[in-house]
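J.: Dropping the structure in here first, questions after.
The values are calculated or read from the model by the stated rules, or taken from the named source; none is laboratory data. All values reported here derive from a predicted model rather than from experimental measurement. FYI the Cβ positions are ideal-geometry reconstructions off the backbone, even for glycines, and counts take in every protein chain you see. Heavy atoms of the whole protein, side chains included, go into the accessibility calculation; ligands, DNA and RNA do not. Shrake-Rupley method; radii C 1.70, N 1.55, O 1.52, S 1.80 Å.
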Amino acid sequence: MKQSVVIEGMKCEGCSNTVSNLFMEIQGVERVLVDRETKLATVEADREITESEYTDALAETKFTVSGTK
């Protein structure tokens with residue numbers, strides 16, 4: 001299953017890497033590609049990940065989830 005997640009607050013490659021690493025810790029996530037210019041994280045998982053799971057993964061960062069597609 002592939003989902004796109006809109007992320008606010010990313011400004012550099014380090015930001016993209018942080019988001020990617022945190023999303024990889026979510027159970028079921030197999031691959032994450034983050035594009036900070038489009039503010040999109042494309043997530044491949046073996047199940048549907050809820051928006052609240054993405055939000056929880058970023059809870060201790062400055063990044064926020066502004067929607068899923």
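J.: Applying the selection to the stretch 1-43, what residues are among the small types (G, A, S), farther than 12 Å from L58 by Cβ and either in a loop (DSSP other than H, G, I, E, B) or out of contact with any Asp or Glu (no Cβ under 9 Å at 6 or more places or on another chain) (or both)? Let's see the steps before the verdict.
T.: Restricting attention to the stretch 1-43, the residues satisfying the condition of being among the small types (G, A, S) are 4, 9, 14, 16, 20, 28, 41.
From the residues that got through so far, the ones that are farther than 12 Å from L58 by Cβ too are 4, 14, 16, 28.
If the condition is that a residue be among the small types (G, A, S), farther than 12 Å from L58 by Cβ and either in a loop (DSSP other than H, G, I, E, B) or out of contact with any Asp or Glu (no Cβ under 9 Å at 6 or more places or on another chain) (or both), then S4, G14, G28 are the ones that fit.
J.: Cβ-Cβ under 9 Å, sequence separation 6+ or interchain: first residue in the stretch 29-45 and without any contact (Cβ under 8 Å) to a residue 40 or more places away in the chain and hydroxyl-bearing (S, T, Y), partner open to solvent by 20 Å² or more (accessible area, probe 1.4 Å) and part of a strand (DSSP E or B). Which pairs?
T.: From residues that are without any contact (Cβ under 8 Å) to a residue 40 or more places away in the chain and hydroxyl-bearing (S, T, Y), the pairs are T38/V6.
J.: Return yes or no: is L40 under 15 Å from M1 (Cα atoms) and not β-branched (V, I, T)? Spell out how you get there, then give the answer.
T.: Values: under 15 Å from M1 (Cα atoms): no; not β-branched (V, I, T): yes.
Taking the combined requirement at face value, the residue does not satisfy it.
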